[in-house]
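Okay, structure first, notes after.
The values are calculated or read from the model by the stated rules, or taken from the named source; none is laboratory data. Treat the numbers as computed from the prediction; the structure is a model and nothing was measured. With ideal geometry, Cβ positions are generated from the backbone for all residues, glycine too; neighbour counts draw on all protein chains shown.
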Amino acid sequence: MTKVFVPMDSAALSMGANEVAEAISEHAAKSGYEVTIVRTGSRGMLWLEPLVEVETTAGRIGYANISADTVPDLLAAGLLSGSSHDSCLGLVDELDFLKDQTRITFARVGIIDPLSLADYESHGGLKGLRNAIALSPAKIVEEVTESGLRGRGGAGFPAGIKWNTVLYTESDQKYICCNADEGDSGTFADRMLMEGDPFTLIEGMIIAGIAVGATEGLIYVRSEYPHAIDVLNQAIAVANEHKILGDSVLGSGLKFNLEVRVGAGSYVCGEETAMLESLEGKRGMVRAKPPIPALVGLFGKPTVINNVMTLAAVPMILADGASSYQSFGVDRSRGTQVFQLAGNILRGGIVELPFGITLGDLVNKVGGGTHSGRPIKTVQIGGPLGAYLGEDSWDVQMGYESLADAGGMLGHGGLVVFDDTVNMAKQARFAMEFCAEESCGKCTPCRIGSTRGVEVIDRIVAGEEQSKNLELLEDLCEVMTDGSLCAMGGLTPFPVRSALKLFPADFGIKSGVK
Amino acid sequence: MSNYSEESIINYLGPYKGDASAVLRSLQLVQDLLGYVPDSALDIIAKNSNVSRAEVYGVFTFYSDFRSTPPAKVVVKVCVAEACQASGNASLISELHDHGYDIHNGSIKDDIQMEQTFCLGNCALGPAAMVNGNPIGRATCERIFAAAAVVAS
């Protein structure tokens, strides 16, 4: 019986992975081969999808960009014995793209069957939870604090400090809310982890619950991720059945229940207080802070809100110790970051590395430059609210502070690469347009500023009173930055200002105009 | 799809009775059942959750997923966010326009509805699209219409 691995990650499905799996099973049966098809997550080498792997005595041999109609040919050429073929990559673990990475959070993604608890445990799963159960809540929080783990959703707030606040806030009920409203364009790590290794997230949330004394957990997933929702729900059912969730987590007597909640097509609901409102069944209107959600969160109760990547890093920290995680990274950016290479990129996908790689190395060496083959003009880091950076930033190290010093932000670690055909005035306009479309409407700078922003940019591009309108845009950006309640209005000026600063020619700025 | 009775909706909403925090989930449930949220369902949900109709209407209009009219048999979502812009979605959008679909207005033709969306999480294989929930990477008109034909059959 030969094991054949075919991903069921959405990205692989988008290139025909289901049809490939069906074709392999159909044609193998016809030819009398015995195969077991294991559906996995994706290895994160998305340009190779569908990437089929075959188990051999030497290891897993990969075949790239397989389509259903090439399957008969591939089987005839000896797919099941790992024979060579035009599409054969050799041993997948030996590929440079993977070998050069430090996969901690993504250690199991693409390798295991996401819904097999046996697979999960045999690859180190549940070790962190078992260790946590033996520790006092304060000790768990201490481990997370010492690991240096910071919020991977974008804000970079130290996770242990947040947990500590919730731990020491008295309440009859506390909550763990996982923010899986991954709406930033260029980011897909949360989705791939939820689809490829959901038990890691579940384990991380249970540990968080035990650490702060919360018995209820909610995962808020965007509706654009139907496959992730499906896999999570199945994984939660398995975890309940095996008493990993429920009234007595692994027989510890500690209770933790978990539920998936689905968004309804609103970007701003990725902002933590808007997410709380949405979880309470209301319009996703941003709340003023303070009070912070750690004190007054879901239904007014103390709530830990962390991103998928933050919570998914927790099991490894508890399994291998804070110092192990802390040993990776630079300065105050500790551990690994799951970078996502997106947009016009030759080798797009998941790159998990310790903080510190330079932007230039990430997009040029790892990513291989653009997919179109043209020169890179700019990279937008951190989603629609992130700054555009150019070639002069290639030496910037990827870390929270180093990027901030360069005028950018890490955000959720997504990098969108653009080639030299992009018009940056259009991108600046889009940033304002997007803000106008997705603003919750609670505060004036964001609600109205974004619409005025589109108009001002249009006037600048049309060459109308450029000096005056540039001054107005600058003033508007300042008001939005300083006067908005949340990052939606507060950070929209980032892409606008950076585009204008780096590429004024795209705005048709006449000579002499400042 | 539009055959429903007030009673049947109330039955489905049973678990949410008296729960003001279930307004969003109630709307999602109705849309899952019917494909859209008819105006009368807003009253039913308001009564069931013990909140005002205005509150339900406020939630209904805040979220872009909700529809007030039945969808076409095939719903295609085309990503218009940055990563897909970088991957040349402009030509896809203009080709779809040539086929009679304005994705910015969610136009319907031949039982296919084309809508814009901001990010489907398939940002390394753009332009990205989704046909009745099935993801399409490196989307072209041909691939979208082929997928639409499969789900319509």
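Residues of the stretch A:354-375 that are more than 10 Å from every other protein chain (Cβ to nearest Cβ) and either surrounded by 24 or more Cβ atoms within 10 Å (Cβ to Cβ) or under 23 Å from A:Arg152 (Cα atoms) (or both): A:Pro354, A:Phe355, A:Gly356, A:Ile357, A:Thr358, A:Leu359, A:Gly360, A:Asp361, A:Leu362, A:Val363, A:Val366.
Given the criterion within 30 Å of A:Phe328 (Cα to Cα) and either of a type in the set (S, T, N, Q) or surrounded by fewer than 22 Cβ atoms within 10 Å (Cβ to Cβ) (or both), identify the matching residue among A:Asp96, A:Asp86. Steps first, answer last, please.
On the way: A:Asp86 fails: within 30 Å of A:Phe328 (Cα to Cα).
Testing whether each residue is within 30 Å of A:Phe328 (Cα to Cα) and either of a type in the set (S, T, N, Q) or surrounded by fewer than 22 Cβ atoms within 10 Å (Cβ to Cβ) (or both) leaves just A:Asp96.
The single condition among (1) in the same structural domain as B:Ala129 (by TED's automatic domain parsing); (2) within 30 Å of A:Thr492 (Cα to Cα) that B:Leu24 does not satisfy is (1).
Between A:Asn240, A:Asn179, A:Asn257, the distinction of being more than 10 Å from chain B (Cβ to nearest Cβ) and in a helix (DSSP H, G or I) belongs to A:Asn240 only. Provide a single number: the residues in the stretch A:323-353 that are within 14 Å of another protein chain (Cβ to nearest Cβ), polar (S, T, N, Q) and surrounded by fewer than 19 Cβ atoms within 10 Å (Cβ to Cβ). Number of matching residues: 0. Please determine whether any residue of the stretch A:84-96 is assigned to a loop (DSSP other than H, G, I, E, B), of a type in the set (S, T, N, Q) and modelled with pLDDT under 95. Scanning the stretch A:84-96, I find at least one residue that is assigned to a loop (DSSP other than H, G, I, E, B), of a type in the set (S, T, N, Q) and modelled with pLDDT under 95, so the answer is yes.
Screening A:Ala228, A:Ala155, A:Ala239 for residues that are surrounded by 24 or more Cβ atoms within 10 Å (Cβ to Cβ) and among the aliphatic types (A, V, I, L, M) leaves exactly one candidate, A:Ala228. With respect to the conditions (1) out of contact with any His (no Cβ under 9 Å at 6 or more places or on another chain); (2) assigned to a helix (DSSP H, G or I), A:Leu218 falls short on a single one, namely (2). Considering the stretch B:65-96, the residues that are part of a loop (DSSP other than H, G, I, E, B) and hydroxyl-bearing (Ser, Thr, Tyr) include one that is nearest to B:Arg25 (Cα to Cα), namely B:Ser68.
Whether any residue in the stretch A:456-474 is over 26 Å from B:Gln116 (Cα atoms), of a type in the set (Gly, Ala, Ser) and within 14 Å of another protein chain (Cβ to nearest Cβ) is what I want to check. Within the stretch A:456-474 (the criterion being over 26 Å from B:Gln116 (Cα atoms), of a type in the set (Gly, Ala, Ser) and within 14 Å of another protein chain (Cβ to nearest Cβ)), the answer is no, since none of the residues qualifies.
Kindly establish whether B:Asn105 is of a type outside the set (Lys, Arg), facing chain A (nearest Cβ under 8 Å), out of contact with any Gly (no Cβ under 9 Å at 6 or more places or on another chain) and surrounded by fewer than 24 Cβ atoms within 10 Å (Cβ to Cβ). Give the steps one after another, and end with the answer.
Working: of a type outside the set (Lys, Arg): yes; facing chain A (nearest Cβ under 8 Å): no; out of contact with any Gly (no Cβ under 9 Å at 6 or more places or on another chain): yes; surrounded by fewer than 24 Cβ atoms within 10 Å (Cβ to Cβ): yes.
In short, no.
Return the pair list, or none, for Cβ contacts closer than 6 Å from residues in the stretch B:61-81 that are at the interface with chain A (Cβ under 8 Å from one of its Cβ atoms) to residues that are assigned to a loop (DSSP other than H, G, I, E, B) and β-branched (Val, Ile, Thr), at least 6 apart or on different chains. Note: pairs meeting the criteria are B:Phe66/B:Val37.
With respect to the conditions (1) within 14 Å of chain B (Cβ to nearest Cβ); (2) assigned to a helix (DSSP H, G or I), A:Ser42 falls short on a single one, namely (2). The condition of being within 14 Å of chain A (Cβ to nearest Cβ), modelled with pLDDT of 95 or more and surrounded by fewer than 18 Cβ atoms within 10 Å (Cβ to Cβ) holds for only one of B:Ala54, B:Ala46, that being B:Ala54. Of the residues contained in the stretch B:92-106, one or more are found to be in contact (Cβ under 8 Å) with a residue 12 or more places away in the chain, over 30 Å from A:Thr187 (Cα atoms) and touching a strand residue (DSSP E or B) at 6+ places or on another chain (Cβ under 9 Å). Within the span defined as the stretch A:395-404, one or more residues are within 14 Å of A:Phe494 (Cα to Cα) and outside the structural domain of A:Leu485 (by TED's automatic domain parsing). Of a type in the set (Asp, Glu), buried (at least 19 other Cβ atoms within 10 Å of the Cβ) and within 23 Å of A:Ser10 (Cα to Cα): is that true of A:Glu271 in this structure? No. Among the conditions (1) assigned to a helix (DSSP H, G or I); (2) in contact with a Gly (Cβ under 8 Å, 6 or more places away or on another chain), the only one that A:Trp163 does not satisfy is (2). Of the residues A:Ala462, A:Ala431, A:Ala425, A:Ala505, the single one that is buried (at least 24 other Cβ atoms within 10 Å of the Cβ) and at pLDDT 95 or above is A:Ala431.
Within the stretch A:390-411, being closer than 20 Å to B:Ala86 by Cα and surrounded by 23 or more Cβ atoms within 10 Å (Cβ to Cβ) holds for A:Gly408, A:Leu410, A:Gly411.
If I ask for residues that are of a type in the set (Lys, Arg) and either surrounded by fewer than 19 Cβ atoms within 10 Å (Cβ to Cβ) or in contact with a strand residue (DSSP E or B) (Cβ under 8 Å, 6 or more places away or on another chain) (or both), which ones from the stretch A:465-502 would you list?
Pass one, the stretch A:465-502, residues of a type in the set (Lys, Arg): A:468, A:497, A:501.
If the condition is that a residue be of a type in the set (Lys, Arg) and either surrounded by fewer than 19 Cβ atoms within 10 Å (Cβ to Cβ) or in contact with a strand residue (DSSP E or B) (Cβ under 8 Å, 6 or more places away or on another chain) (or both), then A:Lys468, A:Lys501 are the ones that fit.
Scanning the stretch B:112-137 for residues that are assigned to a loop (DSSP other than H, G, I, E, B), more than 24 Å from A:Cys435 (Cβ to Cβ) and facing chain A (nearest Cβ under 7 Å) returns B:Ala124, B:Leu125, B:Gly133, B:Gly137.
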